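The values are calculated or read from the model by the stated rules, or taken from the named source; none is laboratory data. Worth saying up front: this structure is predicted, and the values here are computed from it rather than measured. Every residue, glycine as well, gets a Cβ built from its backbone with ideal geometry; the counts of neighbours run over all protein chains shown.
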Amino acid sequence: MKIGIIGGGALGLLFSHYLSEKFDVTLLVRRSEQVQEINRHALTLKRDGHDYHSFFQAERLRGSGMGFNLIIIAVKEYDLGPVLNALVNTDVSVPLLFLQNGIGHIDRVKSLPHETLLAGSVEHGALKENDHSVVHTGKGRTNLAFIRGESTRIEELLIQEIKYFPFSLKDDYEKMILKKLFINVLINPLTSIARIKNGRLAENPHFLHIQHALFNELHILFPHMKDHIRFEEVMDVVKSTSSNRSSMLKDIEERRNTEVETILGALLLKAEKENHFLPIMKTLYELVKGIEREGQGG
């Protein structure tokens with residue numbers, strides 16, 4: 001099975017390492033410098049104090065013929081535009097798996113002509129050290145669900161057992177994505193504003209108070225999720241990733257754009273259309289946007 005993985009960030013490198021154990025993997029990235037680094041040095045994955053090396057091909061995205069049996073899209077939502085333009089010209093029978101946070105990308109993805117579209121919810125923690133090195137900071141699983149299509153197209157991916165990197169197929173992509181969204185909303189903005197590791201959210205009563213309020217605001221937008229996620233489940237993730245720095249915090253520290261638009265911005269647009277007032281979410285959104293702008297000299 002030939003798998004193309006689009007995106008040379010932490011997730012793209014993590015997936016490339018583990019999937020290359022069982023499959024023919026090609027990593028597709030934007031910069032020729034990263035192509036050269038990976039093809040010259042291979043990829044180093046760091047886990048539990050040990051280094052592991054994997055060898056696979058890296059190519060520029062725009063120069064690839066896309067002759068794959070599966071394409072995994074591991075770029076952030078704000079970088080999806082050029083990728084979607086490239087995917088429009090690929091074989092519509094090739095399944096596409098999208099790993100973006102939030103819900104802002106789903107309607108854009110559905111506009112593609114491909115017969116099989118999947119959403120992924122990644123529980124692993126990963127930190128990119130450089131163009132050819134990534135740290136596996138937290139082991140979990142990758143949950144998959146079909147936006148449309150059938151499971152026979154990805155059966156080989158599901159039946160392969162990859163140590164430290166399991167996959168699980170879920171029935172309902174919306175509920176799967178929303179569960180991950182609840183977790184992201186309760187962790188990412190607060191940690192990026194307060195500049196703290198995840199675990200501090202469970203230890204500070206003031207942060208816990210904000211999280212409870214956010215959880216209630218999310219249920220205003222998605223009342224059907226009350227039977228599908230409990231506050232304690234989010235706290236379990238906070239505790240199990242206590243030493244991690246959230247992806248939004250890492251983006252703030254590196255003065256990059258954050259995913260606040262797809263995590264909070266899309267929710268606030270939904271709230272506006274439905275005439276809901278969500279003061280905690282709105283305040284966190286403005287704070288993250290302000291910090292993001294200051295960091296980028298705006």
ask   = Is at least one residue of the range 133-152 of a type in the set (D, E, K, R) and closer than 21 Å to Val94 by Cα?
value = yes
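Might you check whether a residue that is part of a helix (DSSP H, G or I), under 22 Å from the mean Cα position of the chain (by Cα) and either in the same structural domain as Leu97 (by TED's automatic domain parsing) or of a type in the set (Gly, Ala, Ser) (or both) occurs anywhere in the range 43-61? So that I can check it myself, show each step before the final result.
At the first step, the residues of the range 43-61 found to be part of a helix (DSSP H, G or I) are 61.
Still in the running and under 22 Å from the mean Cα position of the chain (by Cα): 61.
After this cut, where a residue has to be either in the same structural domain as Leu97 (by TED's automatic domain parsing) or of a type in the set (Gly, Ala, Ser) (or both) as well, the list is 61.
Within the range 43-61, one or more residues are part of a helix (DSSP H, G or I), under 22 Å from the mean Cα position of the chain (by Cα) and either in the same structural domain as Leu97 (by TED's automatic domain parsing) or of a type in the set (Gly, Ala, Ser) (or both).
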task = Answer with yes or no whether Lys239 is of a type outside the set (A, V, I, L, M, F, W, C), closer than 20 Å to Gly104 by Cβ and part of a helix (DSSP H, G or I).
result = no
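Do we find that Asn257 is surrounded by fewer than 19 Cβ atoms within 10 Å (Cβ to Cβ), within 20 Å of the chain's Cα centre (by Cα) and not small (Gly, Ala, Ser) in this structure?
Taking the combined requirement at face value, the residue satisfies it.
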request  = Filter the range 104-138 for residues that are surrounded by fewer than 20 Cβ atoms within 10 Å (Cβ to Cβ), of a type in the set (Val, Ile, Thr) and over 13 Å from Ile73 (Cβ atoms) and give the result.
outcome  = Val135, Thr137
Any strands (runs of 3 or more DSSP E) falling wholly within the range 92-203 and containing at least 1 residues that are in contact (Cβ under 8 Å) with a residue 60 or more places away in the chain, farther than 30 Å from Phe231 by Cβ and hydrophobic (A, V, I, L, M, F, W, C) = 133-138
inquiry  = farther than 30 Å from Arg40 by Cβ and buried (at least 19 other Cβ atoms within 10 Å of the Cβ): which single residue out of Lys180, Lys197, Lys175, Lys170 fits that description?
reply    = Lys180
key: Cβ pairs under 7 Å, 6+ apart, first in the range 32-48 and under 15 Å from Leu61 (Cβ atoms), second basic (Lys, Arg)   = Ser32/Arg60; Val35/Arg60
request  = Select from the range 277-298 the residues that are in a helix (DSSP H, G or I) and aromatic (Phe, Trp, Tyr) and list them in ascending order.
outcome  = Tyr285
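Determine whether Arg230 is surrounded by fewer than 19 Cβ atoms within 10 Å (Cβ to Cβ), without any contact (Cβ under 8 Å) to a residue 40 or more places away in the chain, farther than 22 Å from Ile147 by Cα and not assigned by TED's automatic domain parsing to the domain that holds Leu157.
It is true that Arg230 is surrounded by fewer than 19 Cβ atoms within 10 Å (Cβ to Cβ), without any contact (Cβ under 8 Å) to a residue 40 or more places away in the chain, farther than 22 Å from Ile147 by Cα and not assigned by TED's automatic domain parsing to the domain that holds Leu157.
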key: Enumeration of residues in the range 30-44 that are in contact with an Asp or Glu (Cβ under 8 Å, 6 or more places away or on another chain) and of a type in the set (A, V, I, L, M)   = Val35, Ile38
